[in-house]
Ligand code: PXG
């Protein structure tokens with residue numbers, strides 16, 4: 001496997017960075033998780049845009065232009081002969097000293113691009129639907145560490161993931177600081193009630209997921225009313241359908257939440273219709289490359 005490290009494609013075993021990198025010492029950096037489907041990189045511009053927005057807020061200089069990042073991603077995919085892949089782009093503050101001050105790292109920003117095959121959730125999960133719980137760890141308050149910053153510090157989500165897996169669940173709902181439903185540990189959440197689609201607003205402690213935006217656009221296209229609106233656990237329990245969205249997971253039906261059956265505890269009609277449209281898009285839209 002070849003990995004892009006600061007402008008060079010190197011073997012995985014040689015892909016190394018400093019132990020003084022502030023990405024490691026403090027989680028000081030940003031990242032994106034992107035996918036390619038059969039030679040098409042899905043929503044590449046949107047992912048690169050979000051990477052630059054995350055970097056802007058933490059005043060991190062990305063030493064490449066958007067076009068150069070795009071080219072580096074394509075070069076890495078080609079070097080690994082991957083037509084369908086998971087792409088991880090990481091930009092960290094780089095090497096500094098043993099203090100927080102990012103100014104000490106100036107000029108050392110690290111760019112890493114890793115492309116690999118995709119670890120899917122088991123197919124059965126998509127057919128039968130997922131059983132999830134709400135966990136005690138709340139999502140970061142947006143005035144502390146805003147969830148819109150896709151930073152290298154994912155402990156907030158990892159704590160919630162630990163709580164989920166300790167209880168025997170793969171994924172979990174995280175509430176925001178007011179007790180409303182925010183999102184899951186690595187996915188956004190949607191409800192369907194009376195033929196209309198609901199998802200928590202991005203300002204209340206959830207990442208503005210690119211799959212989330214894609215699903216909202218699909219719903220509008222198929223004339224399904226959409227609402228970005230605060231959601232309580234009660235509204236989740238009484239919904240007709242529930243599903244999660246994310247680049248890696250795509251669209252996963254949820255059939256049970258905190259022991260309550262959702263609808264008839266089977267993946268719903270609207271979930272299936274949106275998933276069909278989503279799959280069509282991944283087959284036809286995106287930046288084309290050939291290996
Ligand atoms: N919320 C959070 C907290 C995320 O990390 C999403 C929503 C979905 O966003 P996109 O743009 O992908 O639709 C994410 C992104 C993993 C993993 O290993 C998952 C994400 C990121 C990094 C790793 O499961 N999901």
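What follows draws every value from the coordinates through simple rules; no lab data is involved. Source: prediction; values computed, not measured. Cβ atoms come from the backbone with ideal geometry, glycine included; neighbour counts cover every protein chain shown.
With a cut-off of 8 Å between alpha carbons and a minimum separation of six or more residues, what is the relative contact order of the range 1-150 in percent?
After rounding, I find 29 percent.
Using only Cα atoms, find the angle between the long axis of helix 44-57 and the longest principal axis of the chain, and express it within 0 to 90 degrees, rounded to the nearest 10.
Roughly 70 degrees between the two axes.
Among 4, 177, what is the fewest-to-most ranking by other Cβ atoms within 10 Å?
177, 4
For residue 123 paired with residue 272, estimate the spin-label separation in nm (one decimal), with each label point 7 Å from Cα along the Cα-to-Cβ line.
1.7 nm
Counting other beta carbons within 10 Å of each Cβ, put 204, 224 in order, fewest first.
The fewest-first ordering by Cβ neighbours comes to 224, 204.
Order 31-38, 49-56 from most to least packed using the mean count of other Cβ atoms within 10 Å.
Answer by packing, highest mean first, reads 31-38, 49-56.
Divide by every residue of the chain the summed helix terms, -39500 (n - 2.57) for each DSSP H run of at least 4, and state the resulting mean residue ellipticity at 222 nm, rounded to the nearest 500 deg cm²/dmol.
-8500 deg cm²/dmol
What is the range 144-195's relative contact order, in percent, from Cα pairs under 8 angstrom and six or more apart in sequence?
Dividing the mean separation by the residue count of the range 144-195 yields 22 percent.
Could you sort the peptides 58-71, 159-172, 17-30 by per-residue average Cβ neighbour count (10 Å cutoff), highest mean leading?
In decreasing order of mean packing, 58-71, 159-172, 17-30 become 17-30, 159-172, 58-71.
Which order do 173, 138 fall in if you start with the one that has the fewest other Cβ atoms within 10 Å?
Ascending number of Cβ neighbours within 10 Å: 138, 173.
What FRET efficiency, computed as 1/(1 + (r/R0)^6) with R0 = 25 Å and r the Cβ-Cβ distance, is obtained for residue 166 and residue 217, rounded to the nearest 0.05?
0.10
Per 5 Å bin, what percent of the C-alpha pairs of the chain does each bin hold, from zero upward?
Histogram of Cα-Cα distances, whole percents per bin: 1, 5, 12, 15, 17, 16, 14, 10, 6, 3, 1, 0.
For the chain, take the longest principal axis of its alpha carbons; what is the angle in degrees between that and the long axis of helix 269-284, to the nearest 10 within 0 to 90?
Once rounded, one gets 30 degrees.
Between residue 1 and residue 158, what is the FRET efficiency for a Förster distance of 30 Å, r being their Cβ-Cβ separation, to the nearest 0.05?
Step by step, r from the Cβ atoms, then E = 0.75.
Stretched out fully, how many nm does the piece from residue 260 to residue 283 gain, at 0.36 nm a residue minus the Cα gap?
4.8 nm
For residue 9 and residue 83, what does the FRET efficiency come to when R0 = 25 Å and r is the distance between their Cβ atoms, rounded to the nearest 0.05? All intermediate terms of the calculation are to be shown ahead of the outcome.
Numbers: r = 18 Å, r/R0 = 0.71.
So the FRET efficiency works out to roughly 0.90.
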